[in-house]
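Below is one structure, written out as structure tokens; the observations come after it.
The values are calculated or read from the model by the stated rules, or taken from the named source; none is laboratory data. Treat the numbers as computed from the prediction; the structure is a model and nothing was measured. Note that we place each Cβ from the backbone using ideal geometry, even for glycine, and neighbour counts take in every protein chain shown. Just the protein is used for accessible areas: all its heavy atoms, side chains included, with ligands, DNA and RNA removed. Shrake-Rupley method; radii C 1.70, N 1.55, O 1.52, S 1.80 Å.
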Amino acid sequence: MGTGSPRTVILLRADSSTGTVTSRDDRVSVFLIQAKPTSLDGGLRENTVIKRGLDRHWMTVQVGAEPVRIKVEIMDGIIVNTQPEYEDIVNVANQSGRSIKTVLGDAIAAAMLEDPIR
């Protein structure tokens, strides 16, 4: 492919254990891509992407008198993300008359004071 040539990126999902395209539709797509190259450099460039899951824990904090569930993601013993459950935030906001943004901030602050890895 020459410099400045247009490129198209097509994403196909493959089985992570074998690296092969799994669904019939995706195998047909690979065939069509290889059967109709747009240049003499016809072929298919493949890249493998690996998604690494994080350990996930749940904790519950109190915002006012109401419980809010917090999802905590941990990598190598370090907290990398916390996210209150939106449904719980909306429930507390509706019951207390406070804004969703304020309740969300209070829930995050309460989560920072807890030890999620109990």
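Worth a mention:
- In nm, spacing of pseudo-spin labels at Glu85 and Ile100 (7 Å Cα→C-beta vector): 1.7
- The order of Glu114, Glu87, Glu73 by accessible area, most exposed first and with a 1.4 Å probe, is Glu87, Glu114, Glu73.
- The local environment of Pro67, defined by Cβ-Cβ distances under 11 Å, has a net charge of -2 under the rule Lys, Arg +1 and Asp, Glu -1.
- For the residues Met75, Met112, Met59, a 1.4 Å probe over the protein chains yields an accessible-area ranking, largest first, of Met112, Met75, Met59.
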